[in-house]
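Peer 1: Following this message is one structure expressed as structure tokens.
Nothing in this text is a laboratory measurement; each read-out follows from the coordinates by a stated rule. Owing to the predicted nature of the structure, the values given are computational and were not obtained by experimental measurement. Methodologically, a virtual Cβ is constructed for each residue, glycine included, from the backbone with ideal geometry; neighbour enumeration extends over all protein chains shown.
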């Protein structure tokens, strides 16, 4: 899990905990259309993600960049994340909710305590 920060319309930070996905396309997370993260990223795509190792808080990675939002595969992704984080085959969707994948295109990656 990680903490993602987006920017509100007034420029103040908005931080929330998210489930993180890493694959051949890079780092992403999932949210729902109409939620604050979705609205804020549509207005300003700048995003920051911080992931801290729960076993060693001095081991972390931070990714700053821009967000690309996509509906393609978002429902499948949230179900995969539910399996990863909750060991459930499906995410408990809110009726009528549309999921969205947020792919982070990094401008900067910083870390501490990681090899390589």
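Peer 1: Looking only at strands (runs of 3 or more DSSP E) that lie completely in the range 15-67, which have at least 2 residues being closer than 10 Å to residue 2 by Cβ and more than 13 Å from the chain's Cα centre (by Cα)?
Peer 2: Strands (runs of 3 or more DSSP E) meeting the threshold: none at all.
Peer 1: Answer yes or no: is there a residue in the range 71-90 that is surrounded by 13 or more Cβ atoms within 10 Å (Cβ to Cβ), on the phi < 0 side of the Ramachandran plot and in contact with a helix residue (DSSP H, G or I) (Cβ under 8 Å, 6 or more places away or on another chain).
Peer 2: no
Peer 1: Of the residues in the range 23-54, how many are farther than 13 Å from residue 69 by Cβ and out of contact with any strand residue (DSSP E or B) (no Cβ under 8 Å at 6 or more places or on another chain)?
Peer 2: 3
Peer 1: A further question on this structure: Condition first: surrounded by 10 or more Cβ atoms within 10 Å (Cβ to Cβ) and on the phi < 0 side of the Ramachandran plot. Now tell me which residues in the range 101-113 satisfy that.
Peer 2: Passing the criteria: 101, 102, 103, 104, 105, 106, 107, 109, 110, 111, 112.
Peer 1: Tell me which of these residue 109 doesn't satisfy, since it passes every other one: (1) under 17 Å from residue 5 (Cα atoms); (2) out of contact with any strand residue (DSSP E or B) (no Cβ under 9 Å at 6 or more places or on another chain); (3) in a strand (DSSP E or B).
Peer 2: Every listed condition holds for residue 109 apart from (2).
Peer 1: Still on this model: Name the residues in the range 91-100 that are surrounded by 12 or more Cβ atoms within 10 Å (Cβ to Cβ) and not in a strand (DSSP E or B), would you?
Peer 2: Answer for the range 91-100, where residues must be surrounded by 12 or more Cβ atoms within 10 Å (Cβ to Cβ) and not in a strand (DSSP E or B): 91, 93, 97, 98.
Peer 1: Residues being surrounded by fewer than 13 Cβ atoms within 10 Å (Cβ to Cβ) and either under 19 Å from residue 97 (Cα atoms) or without any contact (Cβ under 8 Å) to a residue 40 or more places away in the chain (or both): count how many of those fall in the range 16-34.
Peer 2: So the count comes out to 5.
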